[in-house]
Each structure stands twice: as C-alpha cells, then as structure tokens.
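The values are calculated or read from the model by the stated rules, or taken from the named source; none is laboratory data. It should be emphasised that the depicted structure is a prediction, and the values quoted were computed from it without experimental measurement. Positions of Cβ are generated from backbone atoms using ideal geometry, with glycine treated the same way; all protein chains shown enter the neighbour counts.
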C-alpha cells in the first residue's frame, strides 16, 4: 500500500536533514468539463485546488488557482462566466476552511 504524498515528502526531508514546514493541498472536482473540449491541456490544472503553506517566518499563506490564472495560462476566451464561477467556488472553499 502506498503512503500519502504528504508523509513521503516529510520523511524524505527528514532523511536529508531538511525542515518540513506544514503544507496541505486539498483538491475537489466537478463542474468544469465545458473547458476541456477546446483546451484539453487545462485538465492538468483541474480540479481546482488550493495550497496552504508556511513560509520561513512562520506566516501561513493560502494560494489557489483562479479563473483568471487559467484564462491567461491557456488563452481561454469566451468562458468568462465559467472562470468567474471557478474563482468563486475555490475562494468559497478556502474561506470556509479558514473559518
């Protein structure tokens, strides 16, 4: 049975004498198949996800993929409503997790 990536990364860092700062990468799926027919490469960034991580000073950050990021990265046009919903969906998950 394979161990979760999180545990493997932590163990590898310890073996090499590196400090392991906390990080989490939750992912959830669902609503974006309408992007795939014209831009199948966008699937590499789906489902939308967020990364919570701690910097060297102990400050915690949350970074997440937005619709604007995907539009710019893949040259997506004419899907503004989908991109807006993607950003809202991901933001709402992040905000809920931070409560």
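Scan the range 32-55 and give yes if some residue there is touching a helix residue (DSSP H, G or I) at 6+ places or on another chain (Cβ under 9 Å), assigned to a loop (DSSP other than H, G, I, E, B), modelled with pLDDT of 85 or more and exposed (fewer than 12 other Cβ atoms within 10 Å of the Cβ), otherwise no. Looking for residues that are touching a helix residue (DSSP H, G or I) at 6+ places or on another chain (Cβ under 9 Å), assigned to a loop (DSSP other than H, G, I, E, B), modelled with pLDDT of 85 or more and exposed (fewer than 12 other Cβ atoms within 10 Å of the Cβ), one finds none in the range 32-55, hence no. Close Cβ contacts (under 9 Å, 6 or more residues apart or on different chains) running from residues in the range 77-99 that are more than 16 Å from residue 63 (Cβ to Cβ) to residues that are modelled with pLDDT under 85 and in a helix (DSSP H, G or I) comprise 79/34; 79/35; 82/34; 82/35; 83/35. If I filter the range 68-78 for residues that are touching a strand residue (DSSP E or B) at 6+ places or on another chain (Cβ under 7 Å) and within 20 Å of residue 40 (Cα to Cα), do I get at least one hit? Checking the range 68-78: not a single residue is touching a strand residue (DSSP E or B) at 6+ places or on another chain (Cβ under 7 Å) and within 20 Å of residue 40 (Cα to Cα).
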